[in-house]
Amino acid sequence: MLDRMVAGEVPAKHHTQLRGPGGELRYEECFTRDGFDGPYTILYHQFRPQTQTLAPAAHGWAPPSAAADQPLAKRHYVTDRLGARGGAQLDARVALLFNEDVTSGVAFPDADDPVISVNGDGDELIYVHRGDGRVRTPMGEVTFSAGDYVFVPRGVPHRYLLSGPQTWFWMQLSGGLHVPRQWRNDVGQLRMDAPYCHRDFIRPVFAGPTDDGVRDLVVKQGERWHGFRYQDSPFDVVGWDGTVYPWAFPILKFQPRVSSVHLPPTWHGTFAARGALVCSFVPRLVDFHPDAIPCPYPHSSTHCDEIIFYCDGNFTSRRGVGPGSISHHPAGIPHGPHPGSYERSIGTTRTDELAVMLDTFRPLRPTAAALPIEDAGYQQSFL
């Protein structure tokens, strides 16, 4: 959650009357997190928001299904080999790696969502590798472009409206997403030495009540999809205030740290979740000590699995990976740069790589969809 926003018409105090021009009573709806103890947003509807009837659940991506146990190894998944292409993002997502805290995968959607959806299992964070569009919610619309992260909080109704074919790396975060605590001061404001500021985030643009005629809703809960039909549009909101809302963040707004010697990946930490840290690797100057080795050092992360979605640029520590590749380096075995990369990095002054990294504290398991797109020679490529 970022900070409080207010848009449209709201009464002077919570839980008090708000009436329209003709005296009609507005209906308050509270979006809460962590019961009633966490961040919240209050919306004011023209119509009662709880009037859904049961209906078939005709849409929704497949839940993660674990592949047979695999031997411990460094792995590389070539997502361009996936046969899944096109359609609405709601149906096009393919889960590749997951644990109790995170499900991650890719999608190649090219059509608007035909229904409204709610993810009741976790917050959603999407990295838009290719494409642009809008996500429509009761709080307004968030416009996104290639290179943006898009965040939709758990429980918020939404529809993705796309401008054409897309490539996404997506994450479902069961324990919720937040800004890492080290980037905030005591009153919750982003610190002046944080790697981004409040101005960098693309917030929802609220234009008042809208009705696109869509009434069907699918809700993901317990890794199952459930169908409903609204009596009225859920986008009938006349105003809202709070800290729970969708947003987008351009990855190139992330301000990388530079040091005399190589900094650990935590300095690239962008967003945090239960059991996970999302990092952004953006073009930057590299270490400037006269004896510095700019390439990442080999390391044994005994408590973390690491996956990297490669976006663009020259990936100095890896060979054989390209845009859309996903590497998975599990805890328990050392990992690091490919042969020669460590040595060749000496004397370089900058890197142009662009990548998203996800570190998890619980082991990640591949799904059955991941096995056919694995680069079988990746483990041996480090010899």
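The values are calculated or read from the model by the stated rules, or taken from the named source; none is laboratory data. Because the structure is predicted, anything quoted here is derived from the model rather than measured. Here the Cβ is made from the backbone with ideal geometry for all residues, glycine too, and neighbour counts use every protein chain on show.
Could you list, in sequence order, the residues of the stretch 273-303 that are of a type in the set (A, V, I, L, M, F, W, C), at pLDDT 90 or above and surrounded by 21 or more Cβ atoms within 10 Å (Cβ to Cβ)?
Ala273, Ala276, Val278, Phe281, Val282
Just one of (1) closer than 30 Å to Gly239 by Cβ; (2) in contact with a Leu (Cβ under 8 Å, 6 or more places away or on another chain) trips up Gln50, so point out which.
(2)
What is the one condition in (1) modelled with pLDDT of 95 or more; (2) surrounded by 18 or more Cβ atoms within 10 Å (Cβ to Cβ) that Leu18 does not satisfy?
Tallying (1) modelled with pLDDT of 95 or more; (2) surrounded by 18 or more Cβ atoms within 10 Å (Cβ to Cβ), Leu18 fails exactly one: (2).
Please state which one of Val278, Val321 is in a loop (DSSP other than H, G, I, E, B) and touching a strand residue (DSSP E or B) at 6+ places or on another chain (Cβ under 6 Å).
Val321
What is the residue count in the stretch 11-42 for residues that are assigned to a strand (DSSP E or B) and either farther than 24 Å from Pro204 by Cα or basic (Lys, Arg) (or both)?
Within the stretch 11-42, residues that are assigned to a strand (DSSP E or B) and either farther than 24 Å from Pro204 by Cα or basic (Lys, Arg) (or both) number 2.
Would you confirm whether any residue within the stretch 56-74 is among the hydroxyl-bearing types (Ser, Thr, Tyr) and surrounded by fewer than 22 Cβ atoms within 10 Å (Cβ to Cβ)?
Yes: the stretch 56-74 contains one or more residues that are among the hydroxyl-bearing types (Ser, Thr, Tyr) and surrounded by fewer than 22 Cβ atoms within 10 Å (Cβ to Cβ).
Cβ contacts < 6 Å: first residue in a helix (DSSP H, G or I), restricted to the stretch 199-211; second residue of a type outside the set (S, T, N, Q), any location; separation 6+ or different chain. Result?
Note: pairs meeting the criteria are Asp200/Lys253.
With the condition kept exactly as written, say whether any residue in the stretch 42-49 is closer than 30 Å to Cys304 by Cα and touching a residue at least 40 places away in the same chain (Cβ under 8 Å).
Within the stretch 42-49, none of the residues are closer than 30 Å to Cys304 by Cα and touching a residue at least 40 places away in the same chain (Cβ under 8 Å).
Look at Phe228 and say whether it is out of contact with any helix residue (DSSP H, G or I) (no Cβ under 8 Å at 6 or more places or on another chain), hydrophobic (A, V, I, L, M, F, W, C) and either crowded, with 20+ Cβ neighbours inside 10 Å or outside any strand (DSSP E or B) (or both).
Spelling it out, it is not the case that Phe228 is out of contact with any helix residue (DSSP H, G or I) (no Cβ under 8 Å at 6 or more places or on another chain), hydrophobic (A, V, I, L, M, F, W, C) and either crowded, with 20+ Cβ neighbours inside 10 Å or outside any strand (DSSP E or B) (or both).
Can you tell which of Ala95, Ala88 is within 30 Å of Ala7 (Cα to Cα), buried (at least 19 other Cβ atoms within 10 Å of the Cβ), of a type in the set (A, V, I, L, M, F, W, C) and under 20 Å from the mean Cα position of the chain (by Cα)?
None of the other options fit; the residue is Ala88.
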